[in-house]
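Presented below is the structure to which this report refers.
No lab work stands behind these numbers, since they all come straight from the coordinates. Here the structure is a predicted model, which means the values were calculated and not measured. Quick reminder, even Gly has a Cβ in these numbers, built from the backbone with ideal geometry, and neighbours come from all protein chains shown.
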Amino acid sequence: MADTTAFSATIRRIPNPGAWGITAGLLVLVFVFDTARIGGTISFALGALAGTAPFILFAVLAVAWLKATGAESLLARAFEGRQSRMILMAALLGGLSPFCSCEVIPFIAALLAVGAPLSAVMAFWLASPLMDPAMFAITSGILGWEFAVAKTLSAVGLGLLGGFGTMLFAGTPVFRDPLRERPAVGGCCGASRPFSGAPVWRFWHHSDRRDTFRKTAWENALFLLKWLTLAYVVEALMLAYVPAEMIAGLLGGDGIGPIVLGALVGAPAYLNGYAAVPLVDALLAQGMAAGAAMSFVIAGGVSSIPAAIAVWALVKPRIFAAYLTFALIGAVIAGLAWQAVA
């Protein structure tokens, strides 16, 4: 036991390199082992960033404006009225809201504690990690408007699937008594009472809201820059070193097989929603089927660590298992639908 404790303490002392550190490490490896390719790799990443810059700017300003105005307070209205209306509104707002998964943990915990239906919460949980204004802008700039719109519709559709599925089976043992005895209600965003009050659309008249706008814009700009830089470097390396035949063999072709595999691979491989977009672009260039790309981003987004922790922190394991099951089923359906029209 002492050895295990000592090992855990040692692991915790290992510094986390972060996205910038990983990017630098990859470039150093390329420089050491394939010096001739280092210039092309950097040029590819810088060119891709320049091409995506207008979409990054729009994403940064849109999220900063929504935060500064307090538009997040509109989210509470999704959980009012009839249950079917709540599910619909939760899926729509979840698929469009710009709020991180950890930010909604205390909000969702309070709703569940006072008796809000799990069906509406499930709809929001499933849709919210998949799309937001920033994600839509980045996806549009890299994968095209059609893919971005299709992913948005898939996010809302997945929320509806999970919400109405939960409502249909609400009386079964799986969905009874969903909350943990002592759910974690803290969030990483520092808001103890999120989504309260009314929006102030003319935020520039208030100094504190102007500060929120500047801080949010700066933080999101750095966040997008570091993850997209890493993603573009990885994309350049994938295009250079990963055989296209291997990708086409595993995730290419018609039928449901590549789509199911895309969903299963997306779950463990998906680290960050913004970084995933350039990676999918590289996979598509190497032969990944369109439907597999859609199932990859849907399943991966829902099962990514931040999104999954938001659910695991509050509900019992059987509810978490249902959450993942809805995600996989919805991802396959979205992949089949996109494959049919792409």
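Observations, loosely collected:
- Per-peptide average of other Cβ atoms within 10 Å, ordering 27-36, 159-168 highest first: 159-168, 27-36
- Taking a straight Cα-Cα cut-off under 19 Å and skipping sequence neighbours fewer than 8 places away in the same chain, the lysines within cross-link reach of LYS67 are LYS215.
- Over the stretch 221-342, the hull volume per residue, using the convex hull of the C-alpha atoms, is 100 Å³.
- Centre-to-centre separation between the Cα atoms of the stretch 228-270 and those of the stretch 290-342: 17 Å.
- Inter-site label distance for ALA248 and TRP20 at 7 Å from Cα along Cβ, in nm: 4.1 nm
- The calculated Kirkwood hydrodynamic radius for the stretch 283-340 is 12.1 Å, given to one decimal from all distinct C-alpha pairs.
- Packing here is the average count of other Cβ atoms within 10 Å per residue, and on that basis the peptides 78-87, 280-289, highest first, run 280-289, 78-87.
- Long-range HN-HN contacts of VAL315 with modeled amide H, under 5 Å: ARG180
- Stretch gain in nm, segment LEU46-TRP145, where the contour uses 0.36 nm per residue and the Cα spacing is subtracted: 33.4 nm
- Cα pair distances in the stretch 271-311, grouped into 10 Å bins until the bin that holds the longest one, percent each: 30, 51, 17, 2
- Residue-by-residue Karplus 3J(HN,Hα) for the stretch 49-60, coefficients 6.51, -1.76, 1.60, Hz, glycine and proline x: 4, 5, x, 8, 3, x, 6, 5, 4, 4, 4, 5
- Based on Cα contacts under 8 Å between residues 6+ apart, the stretch 258-342 shows a relative contact order of 41 percent.
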